[in-house]
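Step one of this worksheet: look at the structure below.
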Amino acid sequence: MSPAADADSRLPRHVAIVMDGNGRWAQQRGLPRSEGHRAGLAAVRRTVEACRELGIRHLTLYAFSTENWKRPPGEIRALMGLLREFLDARLGDLLRQGIRLHVIGQPERLPHLVRVRLDRVVKQTAGGKEGTLTLALSYGSRAEIAAAARQLAEEAKAGTLDPRTIDEATLAARLQTAGLPDPDLVIRTAGEKRLSNFLLWQLSYAEFWFTDLCWPDFDRETLHGALAEFARRQRRFGGVTHA
Ligand code: IPE
Ligand code: IPE
Ligand code: MG
């Protein structure tokens, strides 16, 4: 039985995933790292579809971090090529399913051919009402928060914002995730237990779930396992639980 069937109310509205372990998956098979990324793309497809079927409205995937620019140029090229493939191949599905593509990060740092496709898919899916797929691309949470702080300072300087009125909501509204609910559940694959500069603000009260499986091996069953555990967790948000 799918975890959604008996625990609808306990289904996360928003799942965020740090898709890690593509390189190790390839290494374990004597393949180049790029093959791991290719297999990772298949896992992305499966996961987007599974979330859709389960009724998870918002999915955020960490696809490339600001720090990932340190990688060898050949690996970056392979990743960007796969991203292009994904955007070309998935537009139809997103439109059919009413899913809006949203991008967080620094798309301006991405190669032109990727940017053109991103712009097109974002524009064409803008009317999607069923849910969002957010891709974190050249994303770093600290850079995102710094940009929000900069914007607040500029508005204050211009006289359009009174600094005394700045609160959590004012800042959150300047983050690239503005309008999205915070993730309820964050999943990281490949055994690492860290955030690696992912959604530091937004994950304040998220539930964490880890698996040793590498991202290319992530499938529906793994997702169901994570959701089943999420449904059993007690979230208190700093309060007390009443029996
Ligand atoms: C995740 O897999 C994909 C990206 C970070 C782009 P990795 O490429 O980090 O795989 P490992 O961690 O080296 O195994
Ligand atoms: C985090 O994975 C970034 C993405 C999954 C896109 P990394 O593989 O870059 O993280 P570290 O370097 O192990 O912390
Ligand atoms: Mg990694």
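The values are calculated or read from the model by the stated rules, or taken from the named source; none is laboratory data. The model shown is predicted, which means the values in this text are computed figures rather than measured ones. Cβ atoms come from the backbone with ideal geometry, glycine included; neighbour counts cover every protein chain shown.
Going residue by residue through region 30-41, is there one that turns out to be away from ligand 1 (no atom under 12 Å from the Cβ) and at pLDDT below 95?
Within region 30-41 (the criterion being away from ligand 1 (no atom under 12 Å from the Cβ) and at pLDDT below 95), the answer is no, since none of the residues qualifies.
Are there any helices (runs of 4 or more DSSP H) wholly within region 118-233 with 2 or more residues that are under 30 Å from Ala26 (Cβ atoms) and more than 16 Å from ligand 2 (Cβ to nearest atom), and if so which? Steps first, answer last, please.
Numbers: elements: 141-158, 168-172, 220-232.
Fully inside region 118-233 and qualifying: 220-232.
Could you figure out which of (1) outside any helix (DSSP H, G or I); (2) within 13 Å of ligand 2 (Cβ to nearest atom) isn't true of Leu59?
So the condition that Leu59 fails would be (2).
Results for (1) in contact with a Gly (Cβ under 8 Å, 6 or more places away or on another chain); (2) more than 20 Å from Ala50 (Cα to Cα), shown as yes or no for each residue.
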| site | (1), (2) |
| --- | --- |
| Arg120 | no, yes |
| Gln151 | no, yes |
| Gln176 | yes, yes |
| Ile187 | no, no |
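Among Ala226, Ala178, which is the only one that is among the hydrophobic types (A, V, I, L, M, F, W, C) and surrounded by 13 or more Cβ atoms within 10 Å (Cβ to Cβ)?
Just a single option satisfies the conditions, and that option is Ala226.
If I filter region 73-106 down to residues being of a type in the set (Gly, Ala, Ser) and part of a helix (DSSP H, G or I), which single residue comes out as surrounded by the fewest Cβ atoms within 10 Å (Cβ to Cβ)? Break it down stepwise before answering.
We begin by selecting, within region 73-106, every residue of a type in the set (Gly, Ala, Ser); these are 74, 78, 81, 89, 92, 98, 105.
Filter again for part of a helix (DSSP H, G or I), leaving 74, 78, 81, 89, 92.
Details: Gly74: 11, Ala78: 19, Gly81: 16, Ala89: 11, Gly92: 9.
Among residues in region 73-106 that are of a type in the set (Gly, Ala, Ser) and part of a helix (DSSP H, G or I), the one surrounded by the fewest Cβ atoms within 10 Å (Cβ to Cβ) is Gly92.
Hey, can you tell me all the residues within region 12-25 that are of a type in the set (Gly, Ala, Ser), touching a residue at least 40 places away in the same chain (Cβ under 8 Å) and within 8 Å of ligand 1 (Cβ to nearest atom)?
Keep residues of region 12-25 that are of a type in the set (Gly, Ala, Ser), which gives 16, 21, 23.
Next cut, touching a residue at least 40 places away in the same chain (Cβ under 8 Å) only: 16, 21.
Correct list: Gly21 only.
If you scan region 10-34, which residues turn out to be within 15 Å of ligand 3 (Cβ to nearest atom) and crowded, with 16+ Cβ neighbours inside 10 Å? Steps first, please.
Initial filter on region 10-34 (within 15 Å of ligand 3 (Cβ to nearest atom)): 17-28, 33-34.
Ile17, Val18, Met19, Asp20, Gly21, Asn22, Gly23, Arg24, Trp25, Ala26, Arg33, Ser34, listed by residue number.
Please go through region 76-93 and give me each residue that is basic (Lys, Arg) and under 13 Å from Leu133 (Cα atoms), ordered by number. So that I can check it myself, show each step before the final result.
Within region 76-93, the first condition is being basic (Lys, Arg), and the residues that meet it are 77, 84, 90.
Matches in region 76-93: Arg90 only.
State all residues of region 188-207 that are away from ligand 1 (no atom under 16 Å from the Cβ) and within 20 Å of Arg142 (Cα to Cα); if no residue qualifies, say none. Don't jump to the end; show me each part of the working.
Of all residues in region 188-207, those away from ligand 1 (no atom under 16 Å from the Cβ) come to 200-207.
Leu200, Trp201, Gln202, Leu203, Ser204, Tyr205, Ala206 - these are the residues of region 188-207 that are away from ligand 1 (no atom under 16 Å from the Cβ) and within 20 Å of Arg142 (Cα to Cα).
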